[in-house]
Amino acid sequence: MWAFAGLLSALFLGIYDIFKKTSLNGNAVMPVLFFSTLTSTALFLPVVIGSGLFPDKLAAIGLFAPSLTLTEHMQIILKSVIVVSSWILAFFAMKHLPVTIFAPIRSTGPLWTLAGALLIFQERLNGLQWVGVSLTLIFFYLFSTAGKLEGIEFRKNKWIYLIIGATILGSISGLYDKFIISRIDRIAVQAWFSFYQVIILFPVLAVFWFPNRKNTTKFRWRWTIPLIGVTLVVADFLYFYALSLEDSMISMISALRRSSVLITFTLGALLFKEQNLKRKGIYLIGILAGILLITLGSR
């Protein structure tokens, strides 16, 4: 059951990326991000209110969010800061990069997680992980050559650095998720996170975008904007549900969740008519093979 939930989470994550790209093309980044997160908040508003008024009914359908201590709220706020920072970088990068370049770079998250474990916890790699790291780096380099064919020089393109930064922050968030989900109820985490992300984003929108809105890309409302929030909520709900099931394997769930890049890549290629798909597809498979070996070596 947990494997099926992990695959469904990957499906919605892939669709989530397509909605992001559709919403961001020729559009202002910050209001797209703000209104998509506002949708997530609206979805969890009944959960928070209902948990206070009708706890038994919410518990019966698996949507009860228990009250939290101040320390637990602070831990969720920290998660929100990390994730929102990652999203801001990722949204700007996605607007300016082909989705068939954005998605494979995003899939290298486990490589950065492993690098963090090496630096922070002084872990040592086993043979399988060394093979996985080597394979990922080789195909990542080859992938950069595919970008050159489209005029994207990885070492000189700021949007590439933004997506790498977003991916590193996403890896930090993933490590932190393992910490707080073992200590705080998963529904409460997802519900309060959805509120804090809007609280964090609103002043960013008001200070950095609104005063300069006439000098930047004009904001255009699109029906795909709220669907960004909807698909992310569903993907995260399935992910946390899979983690909560007995005998679930975090390494395998993470690997299944990363398969979302295949959906993003395929749908992006079809919808946005992007270039060099065969070459990028081969390099993507190489990157994913390396990530799979890193994941299996971490078990």
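The values are calculated or read from the model by the stated rules, or taken from the named source; none is laboratory data. Note that the structure is a prediction, hence the values are computed from the model and not measured. Cβ: placed from backbone, ideal geometry, glycine included. Neighbour counts: every protein chain shown. What goes into the accessible areas is simple: the full protein's heavy atoms, side chains included, and nothing from ligands, DNA or RNA. Shrake-Rupley method; radii C 1.70, N 1.55, O 1.52, S 1.80 Å.
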- Amide H within-cut-off set for Ala28, under 5 Å, with H built and near neighbours excluded: Phe219, Arg220
- Which of the DSSP-defined H helices in the chain satisfy a minimum axial length of 20 Å, computed from C-alpha atoms, and a minimum mean Kyte-Doolittle hydropathy of -0.5? 2-24, 29-53, 70-96, 127-148, 158-181, 186-204, 224-244, 277-297
- Message: Please list log₁₀ I(q)/I(0) at q = 0.13, 0.19, 0.20, 0.21 Å⁻¹ for the range 153-299, using the Debye equation with identical point scatterers on the alpha-carbon positions.
- Response: -0.89, -1.53, -1.55, -1.55
- Task: Would you compute, for the Cα atoms of the range 36-97, the largest minus smallest coordinate along each principal axis and list the three values in descending order, in whole Å?
- Result: 47, 25, 15
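How long are the semi-axes of the equivalent ellipsoid of the chain, taking √(5λ) for every eigenvalue λ of the Cα gyration tensor, in whole Å from largest down?
Numbers: eigenvalues 179, 131, 59 Å².
Here the semi-axes work out to 30, 26, 17 Å.
Using a cut-off of 10 Å between beta-carbons, work out the net charge of the residues near Ala103 (Lys and Arg +1, Asp and Glu -1, Ala103 not included).
Values: positive: Lys21, Arg106, Lys280; negative: Asp17.
Every neighbour counted, the sum reads +2.
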- In terms of Cα to Cα distance under 18 Å, which aspartates and glutamates are near enough to Lys95, apart from those fewer than 8 places away along the same chain? Asp17, Glu150, Glu153, Glu274
- Task: Could you look at the range 208-277 and say what percent of its accessible area is carbon and sulfur, using a 1.4 Å probe and all protein chains?
- Result: 62
- With respect to the cross-link table entries Lys156/Lys273; Lys158/Lys218; Lys156/Lys178, which display a Cα-Cα separation exceeding 29 Å? Lys156/Lys178
- Distance in Å, no decimals, from the C-alpha centre of the range 211-249 to the one of the range 56-131 is 13
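Going through the range 259-290, which trypsin sites (Lys or Arg not before Pro) have at most 12 other Cβ atoms within 10 Å and a DSSP loop state? Write out the running numbers ahead of the final one.
Values: sites: Lys273, Lys278, Arg279, Lys280; in loops: Lys273.
Sites meeting the loop and neighbour criteria: Lys273.
With n ≥ 4 as the cut-off for DSSP H runs, can you work out [θ] at 222 nm for the chain, using -39500 (n - 2.57) per run divided by the number of residues, rounded to the nearest 500? The partial results should precede the final answer.
Values: 13 runs with 230 residues, N = 299.
Taken over the chain, the calculation gives -26000 deg cm²/dmol.
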- Any idea of the accessible area per residue across the range 143-200, 1.4 Å probe, to the nearest Å²? 44
- Given 25 °C and 0.890 mPa s, how large is the Stokes-Einstein diffusion coefficient of the range 87-190 in µm²/s, with Rh as the Kirkwood radius over Cα pairs? 161
- Given the chain, longest segment not containing exposed loop chymotrypsin sites (Phe, Trp or Tyr not before Pro) (DSSP; at most 12 other Cβ within 10 Å): 1-120
